[in-house]
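Below is one structure; the comments refer to it alone.
Taken together, the values in this text are just the output of simple stated rules run on the coordinates, not laboratory data. All figures in this text were calculated on a predicted structure; none of them were measured in a lab. With ideal geometry, Cβ positions are generated from the backbone for all residues, glycine too; neighbour counts draw on all protein chains shown.
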Amino acid sequence: MTKTRVEANDSIPNEPKRHTTEEPIRQWHEILEIDTSATAAEIQIAYHKMINMYHPDRVDNLGRELKEMAEKKTKEINAAYTLAKRLRK
């Protein structure tokens, strides 16, 4: 029985997808559009501003494609905010 070597780009069942070069990695402060030295209050204000702007329910009447984009952006904003909160503790 031969074992196969798993390459970095191979898909492994139940494993999260790895970052591809097509999708640039963005930092939490770039997503929330704030400086890295922002205070906890400034981070929270930026989060609420961004989440209100991109919430999928606000673009529901503008079409499915735009709603899907808003859902993706909302997930990105939530992840950035969660990371920012962890870093500030």
Once phi for every residue in the stretch 74-84 is put through the Karplus expression 6.51 cos²θ - 1.76 cosθ + 1.60 (θ = phi - 60°), the whole-Hz ³J(HN,Hα) values, with Gly and Pro written as x, are 4, 5, 5, 5, 4, 5, 5, 5, 4, 5, 4
Label model pair Thr39, Asn52: point-to-point distance (7 angstrom along the Cα→beta-carbon line) in nm is 2.0
For the pair Lys85 and Arg26, the simple spin-label estimate (label points 7 Å beyond Cα toward Cβ) gives in nm 2.0
Total charge of the residues flanking Ala46 in space, meaning their Cβ is under 13 Å from its Cβ, with Lys and Arg +1 and Asp and Glu -1, is -1
Listing Thr36, Thr74 by rising number of other beta-carbon atoms within 10 angstrom, fewest first, gives Thr36, Thr74
